[in-house]
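This report refers to the structure that appears directly beneath it.
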Amino acid sequence: MAVAPTSIVPPRPFPRLMTWGSASRAAVTHGKVVDEAVSWARHREARMDDREFFRTVADRTQLSRQEAADVTRATLETLAARLSAGEARDLALELPEHLRESLQRGEGDMEIFDPDESIRRVHERTGLSEPEADRGVRAVLATLREAVSAEEYDHAMSQLGSEFAKMAESAR
């Protein structure tokens, strides 16, 4: 029995204009991710530094700067469990360096949970009251929307779901 030859498809060239977030999704050649194609993104300067991020969260929640820093880290850690490993990595690359580690996640499947569960987890991690944790999660999501590209934010929200996106919209 003769075997038909397989056709060889040359890799597509990358689009000329590509955001760094889409580069990680587009840099696929023969099923392998080309890490070098997005290595420049790892050195990209974040839109806001961690202090500005914490200050914005503090202003939105009326929490102290330390509490805002705690709720920010707890929220990002909670979101990391809810996002795929690749999406958490892509989102982290657009954040200030000191916040990136909060989005690192171990191997394994992403967890599925609703916004109420995320608030409960943030409440447990920070010791804040549930209303404070609720305001904090909403403020972090809203600040995240300002801190990263619209494309990357939309990718993250597509995994988190519309209820999480509504939380960001309801923050002050």
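The values are calculated or read from the model by the stated rules, or taken from the named source; none is laboratory data. Everything numeric in this text was worked out from a predicted model, so none of it was measured. We place every Cβ from the backbone using ideal geometry, glycine too, and count neighbours over all the protein chains shown.
State whether one or more residues within the range 123-133 are under 16 Å from the mean Cα position of the chain (by Cα), within 27 Å of Ser64 (Cα to Cα) and not hydroxyl-bearing (Ser, Thr, Tyr).
Pass one, the range 123-133, residues under 16 Å from the mean Cα position of the chain (by Cα): none.
No, because not a single residue in the range 123-133 is under 16 Å from the mean Cα position of the chain (by Cα), within 27 Å of Ser64 (Cα to Cα) and not hydroxyl-bearing (Ser, Thr, Tyr).
Could you list, ordered by first residue, the pairs with Cβ atoms under 6 Å in which the first is in the range 127-152 and more than 16 Å from Ser170 (Cβ to Cβ) and the second is of a type outside the set (Ser, Thr, Tyr) and surrounded by fewer than 19 Cβ atoms within 10 Å (Cβ to Cβ), at least 6 apart or interchain?
Ala147/Arg47; Ala147/Met48
Considering only the range 83-97, state which residues are among the small types (Gly, Ala, Ser) and not in a loop (DSSP other than H, G, I, E, B). Show your work before the answer.
We begin by selecting, within the range 83-97, every residue among the small types (Gly, Ala, Ser); these are 84-86, 88, 92.
Matches in the range 83-97: Ala85, Gly86, Ala88, Ala92.
Is it true that some residue in the range 86-104 is over 16 Å from the mean Cα position of the chain (by Cα) and either over 18 Å from Met48 (Cβ atoms) or not aliphatic (A, V, I, L, M) (or both)? Steps first, answer last, please.
Step one: of the range 86-104, the residues over 16 Å from the mean Cα position of the chain (by Cα) are none.
Within the range 86-104, none of the residues are over 16 Å from the mean Cα position of the chain (by Cα) and either over 18 Å from Met48 (Cβ atoms) or not aliphatic (A, V, I, L, M) (or both).
Among the numbered criteria (1) among the charged types (D, E, K, R); (2) loosely packed, with under 13 Cβ neighbours inside 10 Å; (3) under 18 Å from Arg47 (Cβ atoms), which one does Asp116 miss?
(3)
Listed residues Arg60, Arg100; which is over 19 Å from Pro115 (Cβ atoms) and part of a helix (DSSP H, G or I)? Working first, answer last.
Values: Arg60 fails: over 19 Å from Pro115 (Cβ atoms).
Step by step, each of Arg60, Arg100 is checked, and only Arg100 is over 19 Å from Pro115 (Cβ atoms) and part of a helix (DSSP H, G or I).
Among the residues of the range 66-82, are any outside any helix (DSSP H, G or I) and either closer than 19 Å to Phe164 by Cβ or modelled with pLDDT of 95 or more (or both)?
Narrowing the range 66-82 to residues outside any helix (DSSP H, G or I): none.
Looking through the range 66-82, none of the residues is outside any helix (DSSP H, G or I) and either closer than 19 Å to Phe164 by Cβ or modelled with pLDDT of 95 or more (or both).
Name the one entry in Ser149, Ser102 that is among the polar types (S, T, N, Q), surrounded by 13 or more Cβ atoms within 10 Å (Cβ to Cβ) and in contact with a Leu (Cβ under 6 Å, 6 or more places away or on another chain).
Values: Ser149 fails: in contact with a Leu (Cβ under 6 Å, 6 or more places away or on another chain).
Exactly one residue qualifies, and that residue is Ser102.
From the list Ala74, Ala81, Ala68, exactly one residue is farther than 21 Å from Glu151 by Cα and out of contact with any Lys or Arg (no Cβ under 6 Å at 6 or more places or on another chain). Which is it?
On the way: Ala74 fails: out of contact with any Lys or Arg (no Cβ under 6 Å at 6 or more places or on another chain); Ala81 fails: farther than 21 Å from Glu151 by Cα.
Being farther than 21 Å from Glu151 by Cα and out of contact with any Lys or Arg (no Cβ under 6 Å at 6 or more places or on another chain) holds for just one of Ala74, Ala81, Ala68, which is Ala68.
I need the full set of residues from the range 130-172 which are farther than 21 Å from Glu52 by Cβ and not in a helix (DSSP H, G or I), in order please.
Listed by number, the list holds a single entry, Gly161.
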